[in-house]
Amino acid sequence: MAGEAAITKVKNTLLTWLTGNIGSGVTITLDRAFDQPYHDEELPTVNIRCQQTDYDVFGYSGWLHSAAIMFDVVTRSSTTLTIDKKQAEIAADIVARIAARTSTAGTIGELLQDALPVSMGSSGADMELSDQGETTLQYRMTYLTPINDFRTIAGQNGLVA
Amino acid sequence: MALELETFTDELDETSVEVLGDPVTYKLANLLPQSIMAFVDHTDKTDAFAGVQITAQDIVMEVFKTAVPVVAATDTITLPRLGKTYNPKDWLNTPSGRGWIILLKLVRS
């Protein structure tokens, strides 16, 4: 983790925090390549990605990063434009797991100032696939870095380089 | 009298599916399974969602009405090349009206 960009630290630690703790048989991936589609046998799965990060000045010595973290919840689903039961269950597991974070060193709780669910919406696609669907759960996660240093996180226990 | 191809269409349909088609097992509700020949597109399909893509089966088959007069969602179709069983999720008349284009959905255990 040392030397990695701050957002990479957050994403990698988030992956570790969620893996094995989101329902039975749910696989977790990080930044799944778009040209490497999921296959039916892999479902249900959650793909973590950061779509955007916004910055605000925090005092005189830091930046407050607000990262839009997306959880693409992919399940077997025959519905569209709705959040189906399985997707809702997985999303609830994600929310519960993130809420259970502590400031223990090396965990996501050490890195973050806050983590708030923002929205959840189905990815409609076009219903051409017979039995697969996706809902995206969006979070806003905030963390601090020193001015002009987007690698070091000012965490709950001090600096994480 | 001019030869009209329409006269032979049913016979041509039957011959082409017997020669070029794929064997499937089609079970109409309340009837025994029957082995018939149909045109089956076994191709998987990839669809894009937010952030990710998914590849899955999206089977389409064409069968003549002489073999399957009426389609119902409760019918079951077994495709031996995939070793899986499906139900119709939608069905449409072919352009000639002599057959059905059937979109299949996998039966999960």
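Things worth noting here:
- The stretch B:21-49, subset crowded, with 18+ Cβ neighbours inside 10 Å and within 13 Å of chain A (Cβ to nearest Cβ), residue farthest from the chain's Cα centre (by Cα): B:F49
- Test: A:L64 is away from chain B (no Cβ under 14 Å), in contact with an Asp or Glu (Cβ under 6 Å, 6 or more places away or on another chain) and modelled with pLDDT of 95 or more: yes
- Tally, over the stretch A:15-43, of residues that are part of a loop (DSSP other than H, G, I, E, B), within 14 Å of chain B (Cβ to nearest Cβ) and aliphatic (A, V, I, L, M): 2
- Any hit, the stretch B:89-96, residues being closer than 27 Å to A:D72 by Cβ, surrounded by 13 or more Cβ atoms within 10 Å (Cβ to Cβ) and among the polar types (S, T, N, Q): no
- Residues of the stretch B:37-75 satisfying the condition of being assigned to a strand (DSSP E or B) and closer than 12 Å to B:I102 by Cβ: B:A38, B:F39, B:V40, B:D41, B:V60, B:M61, B:E62, B:V63, B:F64
- Candidates A:A67, A:A88, filtered to the one that is within 23 Å of A:L111 (Cβ to Cβ) and among the aliphatic types (A, V, I, L, M): A:A67
- Residue check for B:M61: within 14 Å of chain A (Cβ to nearest Cβ) and surrounded by 16 or more Cβ atoms within 10 Å (Cβ to Cβ): yes
- Selection of the stretch A:68-86 for residues being more than 12 Å from chain B (Cβ to nearest Cβ) and either under 18 Å from B:Q53 (Cα atoms) or β-branched (V, I, T) (or both) yields A:T79, A:L81, A:T82, A:I83.
- Across the stretch A:23-45, the qualifying residues are those that are more than 30 Å from A:L159 (Cβ to Cβ) and hydrophobic (A, V, I, L, M, F, W, C), and the one among them that is modelled with the highest pLDDT is A:V26.
- First in the stretch A:40-53 and more than 7 Å from A:T27 (Cα to Cα) and surrounded by fewer than 21 Cβ atoms within 10 Å (Cβ to Cβ), second anywhere and small (G, A, S) and at pLDDT 95 or above, Cβ under 6 Å, 6 or more apart: A:C50/A:A67; A:Q51/A:A68; A:Q52/A:A68; A:T53/A:A67
- The residues of the stretch B:1-36 that are of a type in the set (D, E, K, R) and outside any strand (DSSP E or B), listed by number, are B:E4, B:E6, B:D10, B:E11, B:D13, B:E14, B:E18.
- Condition check for A:Q87: touching a residue at least 12 places away in the same chain (Cβ under 8 Å), part of a strand (DSSP E or B) and among the polar types (S, T, N, Q): no
- Of the strands (runs of 3 or more DSSP E) lying entirely inside the stretch A:90-161, the ones with 1 or more residues being within 14 Å of chain B (Cβ to nearest Cβ) and buried (at least 21 other Cβ atoms within 10 Å of the Cβ) are found at A:133-146.
- Residue in the stretch A:82-94 that is at pLDDT 95 or above and of a type in the set (V, I, T) present: yes
- Boolean, A:T19 is among the β-branched types (V, I, T), closer than 22 Å to B:A50 by Cβ, more than 13 Å from the chain's Cα centre (by Cα) and surrounded by fewer than 17 Cβ atoms within 10 Å (Cβ to Cβ): no
The values are calculated or read from the model by the stated rules, or taken from the named source; none is laboratory data. All figures in this text were calculated on a predicted structure; none of them were measured in a lab. Reconstructed Cβ throughout: ideal geometry from the backbone, glycine too, with neighbour counts over all protein chains shown.
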